Amino acid sequence: MSTAPGGSSNADAPGIPPSGGTAPNAPHVAKSKQHRARRVRRPIGARVLHAPQVLRALVRADEVWLVALAAFIGCFSGVAVWLMTEIAQRLHEVLFNIGHDQRLSAMTILDPLLTVAVPTLGGLFLGVLTLGIARVHRRRAVDPVEANALFGGRMSVSGSLIVVLQTLVSNGVGASIGLEAGYTQIGAALASRWGHAFRVRRNDLRLLVGCGAAAAIAGAFNAPLTGAFYAFELVIGTYTLGTFAPVAVAAIVSMSVVNALGGAGFEVSFMPDKVDGLDYIPILALGMLCALLGIAIMRGVTLTEELFRKSGVPVWLRPMIGGLAVGSLALVTPAVLSSGHGALGALASVNYSLGFIVLLVVLKAIASAISIGSGFRGGLFFASLFLGALLGQGFAMMLTMITPGHPVSPVVCAVVGMSGLAVSIIGGPLTMGFLALEATGSLPMTVAVLAASVVSSLTVRRTFGYSFATWRFHLRGEAIRSAVDIGWMRNLTVGRMMRHEVRTVRADTLLTAFKRDFPLGASQRVVALDDSGAYAGIILVAEAHGDGDNSHRVGDDLHYTDTMLLPQMTIKEAIAMFEASESDALAVVDAPDTRKVIGILTEQYALRRYSDELDHRRRELSGE
């Protein structure tokens, strides 16, 4: 309803009497005032959220506008990536006393006192910080994979900012982890927030979360194809023609923004080298070695966490102990500190001995496992790239010693090892294939990477079954193997599917009275209640009419007396209970102790809803 022209109040408008007067349209005036009062009292944040109604309609109806929103998300993600990179580098410069153009892991000499003290005290600071945050923010932040798999793309910006802060502190004090988890967390969270602001559909919100993650990786590695397929394989869970344009645009925009702000802090770049046909035999063997090392690192993280739990050390004190361990390892070589960007960049120009490479692989793997297991926050993306490149170079040296007549290029082995180990830990064979392509510009090397990635992926799936992210979900009890949307199973609960109208009868009712009140054909089953009105069981009408002894009571012929559904059960749990009880219908009660009947659900209806939802998801995956 409109107000008077010029913004004047209704009391001054023509045709409306002053206060106390009456007019035929007085209810209209009162409603207008109430509406304006509500509009004034609405919070500013809510008004901003719902302001662009026309834009919301365009984004929901037109794919072009969804692409435009993805570009907007890519811009913000690029800024976030650049800012996080700069902050982490400044922390390294201040805390470890290195130069502006130097990288922490590329240093050959560091002050021994700082090398040990900074990770130790930084771990203590992180533990106290996390303890304080937990007192005021109790909700656990979900990552993009979990958000898309279980929550339809819904993420918390405040929780994600906490993750970013913890990641920056962890990386800044030298913990052997990368910033990539923080990049994707904030990029996906911003995308989720803007998708919610535009009220996009569930599937589009999941797509936008993928756009945020793609933009983050593309900006971090200056590699848009890598970012795009990171989103397709790991965050969205599928690739269709309809999803390509938004994800690709977000990745390209983010990379452009990062370059405009000063360039990506870290780039993966290798000089291309030739790959012969006979080289594929050792390349495939290297892929299997990468899988075994990846499994060992993931198991090492779990072992470290278990040791800390059994030790009884308070949670807030564990990062300090982990920092002390990492700092002690860094006394041998600073290359174990941080994610390893600088050390990977220096790998091509420094001739390490085979013994030192083996030592560095062991130290870096242990440092990464201790960092994650002790409570530092971050990811293993770039750490796996660095470890894989080291493993590849060491593998090439050993091949030269074994078969000097046909050596394999150390550059080829480094790129193959880098990608193979990342596939075993992170997942995404195509992601790593495109990373190799963008890092080398060589198609033959990319084909070799894809071959090794396939072997690495198959080995991990057959012997371990999880990537690092899904392994962490498994340890928490979540049945997530990918980002494919299974959250609808949790949303499709018994309470949403049940029929509320339930025919009931007292369990002490005589069968003669029951037969009179429930003739054949009127109903198939009736829920029986005990003296207190609680669920007692189900009586089958046809069976009751077949009982010739009319002195029996309803309670004598009850079925499923201890089998009942709860409203919060998912459709998967309901179907499992139908199969176990061999029943075609079950009563729904409010709680196991009170057993108050609130509805009934048939197996036929549950299976039909389950089938409809599966078909709907299949059509979404196929792009229909």
Practice problem: First obtain the Kirkwood hydrodynamic radius of segment 489-618 from its Cα pairs, then insert it into the Stokes-Einstein equation at 37 °C and 0.692 mPa s, and state the resulting D in µm² per second as a whole number. | Solution: 215 µm²/s
Exercise. Search the structure for amide H atoms under 5 Å from the amide H of G599, placed 1.01 Å from N in the peptide plane, and list their residues when 5 or more places away or on another chain.
Key: V588
Practice problem: Please list, in chain and number order, the residues 5+ apart from R525 or on another chain whose amide H is under 5 Å from its amide H, with Hs placed from the backbone. | Solution: V541
Quiz item: Where both residues lie in the chain, what percent of DSSP beta bridges are antiparallel, nearest 5?
Solution: 80 percent
Quiz item: Viscosity 1.306 mPa s, temperature 10 °C: Stokes-Einstein D of segment 515-585 from its Kirkwood Cα radius, in µm² per second?
Solution: 118 µm²/s
Quiz item: Efficiency by 1/(1 + (r/R0)^6): what FRET value for S311 and L58, r their Cβ-Cβ distance, R0 = 56 Å, to the nearest 0.05?
Solution: 0.50
Quiz item: How big is segment 69-143 in terms of Cα radius of gyration and Dmax, in angstroms?
Solution: 16.7, 49
Quiz item: Using the Cβ atoms and a cut-off under 14 Å, what net charge is assigned to the surroundings of A335, where Lys and Arg are +1 and Asp and Glu are -1?
Solution: +2
Exercise. Could you run the Karplus curve 6.51 cos²θ - 1.76 cosθ + 1.60 with θ = phi - 60° over segment 139-150 and give me ³J(HN,Hα) per residue in whole Hz, x for Gly and Pro?
Key: 6, 7, 6, 9, 8, x, 5, 5, 4, 6, 6, 10
Quiz item: Taking H as built 1.01 Å from N, whose amide H comes closer than 5 Å to the amide H of A585, not counting residues under 5 places away?
Solution: E603
Quiz item: Just how large is the dipole of the chain about the Cα centre, in debye to the nearest 20, putting +1 at every Lys and Arg Cβ and -1 at every Asp and Glu Cβ?
Solution: 1920 debye
Quiz item: Quick one: Cα convex hull volume of segment 528-567, Å³ per residue?
Solution: 75 Å³
Practice problem: Quote the relative contact order of the chain in percent (integer), defining contacts as alpha-carbon pairs under 8 Å separated by 6+ residues. | Solution: 15 percent
Quiz item: G159: net charge of surrounding residues, Cβ under 14 Å, Lys/Arg +1, Asp/Glu -1, itself excluded?
Solution: +4
Practice problem: Using Cα positions and a limit of under 18 Å, work out the aspartates and glutamates in reach of K515, with same-chain residues fewer than 8 apart set aside. | Solution: E543, D547, D549, D556, D557
Quiz prompt | Within the chain, helix-based [θ] at 222 nm, where runs of 4 or more DSSP H residues each add -39,500 (n - 2.57), nearest 500 | solution = -20000 deg cm²/dmol
Practice problem: Relative to the compact-globule scaling 2.2 N^0.38 Å, provide the ratio for the alpha-carbon radius of gyration of the chain. | Solution: 1.22
Quiz item: What list of ³J(HN,Hα) couplings, whole Hz, do you get for segment 558-572 from phi and the Karplus terms 6.51, -1.76, 1.60, once you set θ to phi - 60° and write x for glycine and proline?
Solution: 7, 10, 6, 5, 10, 10, 8, 9, 10, x, 8, 5, 7, 4, 5
Exercise. Could you sort 314-326, 335-347, 575-587, 528-540 so that the peptide with the highest average Cβ count within 10 Å comes first and the rest follow in order?
Key: 335-347, 314-326, 528-540, 575-587
Quiz item: Measuring from label point to label point, each 7 Å out along Cα→Cβ, what is the K572 to R499 span in nm?
Solution: 2.8 nm
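We did not get these values from a lab; they are worked out from the coordinates using the rules stated. Here the structure is a predicted model, which means the values were calculated and not measured. For neighbour counting, all protein chains shown are included, and Cβ atoms are generated from backbone atoms with ideal geometry for every residue, glycine included.
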